[in-house]
């Protein structure tokens, strides 16, 4: 028996919801922009890393977050008195580290979703989601679900303080999301250190108002109005200096019809939202030319991924 599970890239913060809002995305070309885990039954058990960005992973496989996923999941199996098998896990690393596209979340979600499927779903969705958050917190330094939740469940997810962890928000299926990565890393830790330790009262009031009105406009079926509230007053003013020529690129995109331009997660990826395929193509071509700093740079026209992590193959 063997299976493969895919977990899509995600945009954390989504500009207006710092640590509270996240969206899963997939390229319109059907390219797998996200990590894949392959699980096989193996007599001795092994863990292999492959894929275009596997060279960015720790050289010691036991330092990889997927290895931690396996160890923690096995402990959950012990609690539920489920017999553990010797498995062979292969991580196909399709997302760069420090990209702002939920790279670690994608690995965690693919691994834990795959293991849960392998063992016949001993963990509920909520148990699995909380376990994913715990492991993601090991990487980022604190537990937050704005990448984990959309990566696992799909769609645009708003985090909550209740037992459900998150709630899905409506988002127009005819909107395009252009994501561009310059081929350079921005560590989440470094990006968090850019932020002030205290938020001004005026910024806190503006932040809550923007998020509330963005949500209201979506539920009122006014997506263009909603994009007017997509303003990051918490992180972007400080983090944009980590991204080459951010304001220049933002101005070009707005001048050419983009509805919103912002930082994906903590960077280095930027994203643009538009309701026009023509505008999406112009934006993609511009960013491919002007937001490209190494040969590993990329830019995709995406849509919201409403499915989240899923089984690709089973044999």
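Each reported figure results from applying straightforward, stated rules to the coordinates on display, with no laboratory input. Note that the structure is predicted; figures quoted are calculated from it, not measured. Because the Cβ atoms are built from the backbone with ideal geometry, glycine has one as well, and the counts that use them run over all protein chains shown.
For residue 315 and residue 225, the difference between the fully extended length at 0.36 nm per residue and the C-alpha to C-alpha distance is 27.7 nm. From the Cα gyration tensor of region 176-303, with a ≥ b ≥ c the square roots of its eigenvalues, which class applies: rounded if a/c is under 1.5, or else prolate if a/b is larger than b/c, or else oblate? It is oblate, given that a/c is not under 1.5 and a/b is not larger than b/c. Label point of residue 31 set 7 angstrom out along Cα-Cβ; within region 155-179, amide nitrogens under 18 Å from it belong to 176-179. Helix 201-219: angle to the longest alpha-carbon principal axis of the chain, degrees 0 to 90, nearest 10? So the helix axis and the longest Cα principal axis differ by about 80 degrees. Modelled this way, with points 7 Å down the Cα-to-C-beta line, the labels at residue 187 and residue 167 are 3.7 nm from one another. Computed extension gain for residue 294 through residue 195, at 0.36 nm per residue and net of the alpha carbon distance, reaches 33.0 nm.
By the count of neighbouring beta-carbon atoms within 10 Å, fewest first, 40, 79 end up ordered 79, 40. For region 1-125, what is the percent of antiparallel DSSP beta bridges, rounded to the nearest 5? Just about 75 percent of them are antiparallel. At q = 0.07, 0.15 Å⁻¹, what is the log10 ratio I(q)/I(0) for the chain, with the Debye formula run over Cα points and no solvent? Per q value, in the given order, log10 I(q)/I(0) is -0.26, -1.18.
What separates the Cα centres of region 104-160 and region 293-315 is a distance of 17 Å.
If one takes the longest principal axis of the Cα atoms in the chain, at what angle in degrees, from 0 to 90 and to the nearest 10, does the Cα axis of helix 103-118 lie? Helix 103-118 sits roughly 40 degrees off the main axis of the chain.
Per-residue ellipticity at 222 nm, computed for the chain from helices alone with -39500 (n - 2.57) per DSSP H run of at least four residues, works out to -11000 deg cm²/dmol.
Starting from the Cα of residue 81, step 7 Å toward the Cβ, then list every residue of region 108-132 with an amide N under 17 Å from that point. Answer for this model: 122-123.
Based on alpha-carbon atoms only, what is the radius of gyration of region 184-259 relative to the globular estimate 2.2 N^0.38 Å?
1.28
Counted over the chain, the DSSP beta bridges are approximately 90% antiparallel. How many nm separate the modelled label positions at residue 276 and residue 256, each set 7 Å beyond the Cα in the direction of the Cβ? According to this spin-label approximation, the distance is 1.1 nm.
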